[in-house]
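Working notes for the structure below.
The values are calculated or read from the model by the stated rules, or taken from the named source; none is laboratory data. All values derive from a computational prediction rather than experimental measurement. Note: ideal-geometry Cβ built from the backbone for every residue, glycine included; neighbour counts use all protein chains shown.
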């Protein structure tokens, strides 16, 4: 695996590739329009990880006042465990902190041990459970919060 990649702000041109990663990674994937809307929203920050072959990961954060929420983050299966998710989250945190965000929330399947480990390593704390939040299969979501900035 080539570990040379960049993390940068997403553009409209990234929306289709972001949707492909979402489709491959998530039970309820976002569509290209969802990503294009996020890129253009003043309340959203979107970053991608890309190498010479193209975009292979993304993170989206919506913010209001001093809080942010990450509704979607994914890295395609061939690029996992190379630090891309961590680097994208660090970039979006730095940008969010400049905009006054101090708390970031997300939820994750309780069975997603790799994601839980990453988020806890980045300073997220488990602050709640959303019972039966996910379907196919039905599963609780772990609500997590991280202080930034």
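Anything in the stretch 6-23 that is buried (at least 20 other Cβ atoms within 10 Å of the Cβ) and in a loop (DSSP other than H, G, I, E, B)? List them, or say none. Of everything in the stretch 6-23, just one residue is buried (at least 20 other Cβ atoms within 10 Å of the Cβ) and in a loop (DSSP other than H, G, I, E, B), namely 10.
Each residue in the stretch 24-47 was checked for being assigned to a loop (DSSP other than H, G, I, E, B) and surrounded by 14 or more Cβ atoms within 10 Å (Cβ to Cβ), and 3 pass. Do the conditions hold for residue 56, that is, is it surrounded by 17 or more Cβ atoms within 10 Å (Cβ to Cβ), touching a strand residue (DSSP E or B) at 6+ places or on another chain (Cβ under 7 Å) and either modelled with pLDDT under 95 or over 19 Å from residue 6 (Cα atoms) (or both)? No, not satisfied.
Do we find that residue 117 is more than 14 Å from the chain's Cα centre (by Cα) and either touching a residue at least 12 places away in the same chain (Cβ under 8 Å) or part of a helix (DSSP H, G or I) (or both) in this structure? Yes: the conditions hold for residue 117. Among the residues of the stretch 114-123 satisfying the criterion of being surrounded by fewer than 17 Cβ atoms within 10 Å (Cβ to Cβ) and modelled with pLDDT of 95 or more, which is farthest from residue 74 (Cα to Cα)? Among those residues, the one meeting the criterion is 123.
The residue that is nearest to residue 92 (Cα to Cα), counting only those in the stretch 35-48 that are over 14 Å from the mean Cα position of the chain (by Cα) and in contact (Cβ under 8 Å) with a residue 12 or more places away in the chain, is 43.
Scanning the stretch 73-88 for residues that are touching a helix residue (DSSP H, G or I) at 6+ places or on another chain (Cβ under 8 Å) and assigned to a helix (DSSP H, G or I) turns up 77, 85, 86.
Among residues that are part of a loop (DSSP other than H, G, I, E, B), at negative phi, surrounded by fewer than 17 Cβ atoms within 10 Å (Cβ to Cβ) and in contact (Cβ under 8 Å) with a residue 24 or more places away in the chain, residue 3 is included. For the stretch 111-131, a tally of residues being within 19 Å of residue 80 (Cβ to Cβ) and in contact with a strand residue (DSSP E or B) (Cβ under 9 Å, 6 or more places away or on another chain) returns 8.
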